[in-house]
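Undergrad: Here it is, the structure in full.
The values are calculated or read from the model by the stated rules, or taken from the named source; none is laboratory data. Not measured: the values here are computed from a predicted model. Quick reminder, even Gly has a Cβ in these numbers, built from the backbone with ideal geometry, and neighbours come from all protein chains shown.
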Amino acid sequence: MASSSPVRIALFLCDEPIATVQITDGDYTSIFNALLRKSLPADAGEYTLDPYDVREALQYPENIDDYQAIILTGSKHSAYENLEWINKLVDYVRDVAASKPHIKLIGICFGHQIIARALGGECVPNSNWEISITELQLTDIGKKLFGADSVNIHQMHRDHVPSVPPSFHLLGSTSITPNQGMVRLRDSADPADPKPEDVQIFTVQGHPEFTDRIVTKILDARQSTGVIGADIAEDGKRRAALRNDGVDVVGNAIWRVIGVGSTAR
């Protein structure tokens, strides 16, 4: 099903990529545009992605009703930090979730954690880093919404959301991170048979927008500064070239949640 009018998406920029990534892949607007463009269904129309710098400029849309969806990016910051811009973002997400249920909220990594904090959950440091391509063990709802039995997705985090907030459903887990993604469904939805259009809020802890090149550059940078050890970095680089479902599975699911493309896979 093609979209009847151009879809407008607000991209909330919660950080900027490291310099070496910007040289090859651009800023997060470019990186997310690449994900959305590659995963856009063939029968879909045009879309616009409008960036808002919520970190440095505290910038938000003048009229949020202009948008069908909001995507919150990842960040090097921790979602539990008591910073003005993070607190403002948490309050904004909480307000949109309550007062604008027709607007889809989509959280990626830090965005996933911010949404959890805003809606009754928490974000805390984990005992281990989780990096590079990792296979998620999906729940029944996860399998239904992703249209797959498992998902491989890039990871780059230590903070995590340890449990699912009230009113949310778990999408999948790993041995390190029990909450690898979650959805909140509209009140009339059947959790036993959820449809993408039933999803109001969709989050993943991983990075569907990351490629093996991006992840390798981040690992090189974090190894050089001692943030992660050489053994962890080298293991991550080996796994970076494994099958990546970020575009074909996760990106496709994001579009179907927004209301673009077929609802069946």
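Undergrad: Being in a strand (DSSP E or B) and hydrophobic (A, V, I, L, M, F, W, C) is the filter here; which residues of segment 106-136 pass it?
TA: Within segment 106-136, the subset in a strand (DSSP E or B) is 106-108, 124-136.
Passing the criteria: 106, 108, 124, 129, 131, 133, 136.
Undergrad: From the set of residues in segment 41-58 that are touching a strand residue (DSSP E or B) at 6+ places or on another chain (Cβ under 7 Å) and either among the aromatic types (Phe, Trp, Tyr) or not in a strand (DSSP E or B) (or both), which is surrounded by the fewest Cβ atoms within 10 Å (Cβ to Cβ)? Don't jump to the end; show me each part of the working.
TA: Of segment 41-58, the ones touching a strand residue (DSSP E or B) at 6+ places or on another chain (Cβ under 7 Å) are 47-55.
If we keep only those that are either among the aromatic types (Phe, Trp, Tyr) or not in a strand (DSSP E or B) (or both) as well, we get 47, 52, 54-55.
On the way: 47: 19, 52: 16, 54: 24, 55: 20.
Filtering first and then ranking leaves 52.
Undergrad: Separate question: Going through segment 167-197 one residue at a time, which ones are modelled with pLDDT of 95 or more, of a type outside the set (A, V, I, L, M, F, W, C) and touching a Gly at 6+ places or on another chain (Cβ under 7 Å)?
TA: 172, 180, 181
Undergrad: Got at least one residue in segment 12-34 being more than 18 Å from the chain's Cα centre (by Cα), of a type outside the set (A, V, I, L, M), at negative phi and in a loop (DSSP other than H, G, I, E, B)?
TA: Scanning segment 12-34, I find no residue that is more than 18 Å from the chain's Cα centre (by Cα), of a type outside the set (A, V, I, L, M), at negative phi and in a loop (DSSP other than H, G, I, E, B), so the answer is no.
Undergrad: Could you tell me which of the residues 61, 6 is in contact with a strand residue (DSSP E or B) (Cβ under 7 Å, 6 or more places away or on another chain), surrounded by fewer than 12 Cβ atoms within 10 Å (Cβ to Cβ) and of a type outside the set (Phe, Trp, Tyr)? I'd like the intermediate steps shown before the answer.
TA: Details: 61 fails: surrounded by fewer than 12 Cβ atoms within 10 Å (Cβ to Cβ).
Only one candidate qualifies: 6.
Undergrad: Would you confirm, using the coordinates I've provided, whether residue 163 is surrounded by fewer than 17 Cβ atoms within 10 Å (Cβ to Cβ), of a type in the set (Ser, Thr, Tyr) and assigned to a strand (DSSP E or B)? Write out each step before concluding.
TA: Details: surrounded by fewer than 17 Cβ atoms within 10 Å (Cβ to Cβ): yes; of a type in the set (Ser, Thr, Tyr): yes; assigned to a strand (DSSP E or B): no.
Considered against the rule, which asks whether it is surrounded by fewer than 17 Cβ atoms within 10 Å (Cβ to Cβ), of a type in the set (Ser, Thr, Tyr) and assigned to a strand (DSSP E or B), residue 163 comes out as no.
Conditions tested, residue by residue: (1) of a type outside the set (Val, Ile, Thr); (2) surrounded by 20 or more Cβ atoms within 10 Å (Cβ to Cβ); (3) closer than 21 Å to residue 250 by Cα.
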| position | (1), (2), (3) |
| --- | --- |
| 86 | no, yes, no |
| 90 | no, no, no |
| 97 | yes, no, no |
| 107 | yes, yes, yes |
| 115 | no, yes, yes |
| 135 | yes, no, yes |
| 173 | yes, no, yes |
| 176 | no, no, yes |
| 180 | yes, yes, yes |
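Undergrad: Here is a further query. Which condition does residue 210 not pass, out of (1) touching a helix residue (DSSP H, G or I) at 6+ places or on another chain (Cβ under 7 Å); (2) within 30 Å of residue 143 (Cα to Cα); (3) part of a helix (DSSP H, G or I), if it passes all the others?
TA: (3)
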